[in-house]
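Have a look at the structure below, then the notes.
The values are calculated or read from the model by the stated rules, or taken from the named source; none is laboratory data. Since this is a predicted model, take the numbers as computed values, not measurements. Cβ: placed from backbone, ideal geometry, glycine included. Neighbour counts: every protein chain shown. Heads up: the accessible areas ignore ligands, DNA and RNA and are worked out on the full protein's heavy atoms, side chains in. Shrake-Rupley method; radii C 1.70, N 1.55, O 1.52, S 1.80 Å.
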Amino acid sequence: MSNLPEILSKRFRLTPITPDTVSDDWLRWTGDRELMGQINARVVKLTRADLQRYLISQQQQKRAVVGIYERKDGVHVGLYETEINVEHRNVTIDVLVDQRRYDLANVLRETDPVLLNYLAGRFGLEKAVAKIVETYRPAILHFEQSGWLKEGVLRQENPAVSGQGRLDVVQFGKLLSS
């Protein structure tokens, strides 16, 4: 998946993030308490080398991290993490958008279709799946309002990084046309 081409929407450019293209923005997001809290991730001050190692591990597991960048000035807006299951003809996605500077729903309304259309055509995929932790309300609202089917709620699926109990995960699905 690291050989994914550049995919363009009206305002954004989607391209795989490689160890050589780790951005300062992504480094900043890992230390953002509000943003990391929404996705139930620990707030840590990662180094560029940490994220480079992470990308290499994702590539070894046949996953891709796809950056979302503004076409106009190249600012790093967010990212998708994708995992394709060729046997089941589906892709599971995770999303992260810098919500201090961008509206998550506006970014995803424009980038979801171009990414999913490309993946459906390139890999013969028939379905996309997104599993969103209950604390990531902006993402849940986006998927509810943009044609994704709420397939279910996985009760107390993930331990809360705060150490205070467990969190539900909402699973969404969308059939794709290739």
Problem - Selection from segment 150-178 of residues that are touching a helix residue (DSSP H, G or I) at 6+ places or on another chain (Cβ under 9 Å) and either surrounded by fewer than 15 Cβ atoms within 10 Å (Cβ to Cβ) or among the aliphatic types (A, V, I, L, M) (or both) - result: 150, 161, 162, 170, 176, 177, 178
Exercise for the section: Would you please name the residue that is surrounded by the fewest Cβ atoms within 10 Å (Cβ to Cβ), looking only at residues in segment 99-123 that are within 16 Å of the chain's Cα centre (by Cα) and not in a helix (DSSP H, G or I)? Expected result: 103
Handout entry: Sole residue being out of contact with any strand residue (DSSP E or B) (no Cβ under 7 Å at 6 or more places or on another chain), at positive phi and small (Gly, Ala, Ser), chosen from 121, 74
Key = 74
Completion exercise
Screening 46, 79, 96 for residues that are open to solvent by 30 Å² or more (accessible area, probe 1.4 Å) and either at pLDDT 95 or above or over 23 Å from residue 139 (Cα atoms) (or both) leaves only 46
Handout entry: Scan of segment 1-48 for residues that are of a type in the set (Lys, Arg) and in a loop (DSSP other than H, G, I, E, B), ordered by number
Key = 10, 11, 42, 45
Handout entry: Residue pairs meeting the criteria (Cβ under 9 Å; at least 6 apart or on separate chains; first within 10 Å of residue 67 (Cβ to Cβ), in segment 10-38; second part of a helix (DSSP H, G or I) and of a type in the set (Lys, Arg))
Key = 22/48
Problem - Hits in segment 29-57 - residues which are more than 26 Å from residue 170 (Cα to Cα) and of a type in the set (D, E, K, R) - result: 45, 48, 50, 53
Handout entry: Residues of segment 1-22 satisfying the condition of being among the small types (Gly, Ala, Ser) and open to solvent by 20 Å² or more (accessible area, probe 1.4 Å)
Key = 2
Handout entry: Matching residues, segment 72-98, being closer than 23 Å to residue 122 by Cα, of a type in the set (A, V, I, L, M) and not in a strand (DSSP E or B)
Key = 86
Problem - When residues of segment 49-71 are limited to those that are in a helix (DSSP H, G or I) and in contact with a strand residue (DSSP E or B) (Cβ under 7 Å, 6 or more places away or on another chain), the one surrounded by the most Cβ atoms within 10 Å (Cβ to Cβ) - result: 55
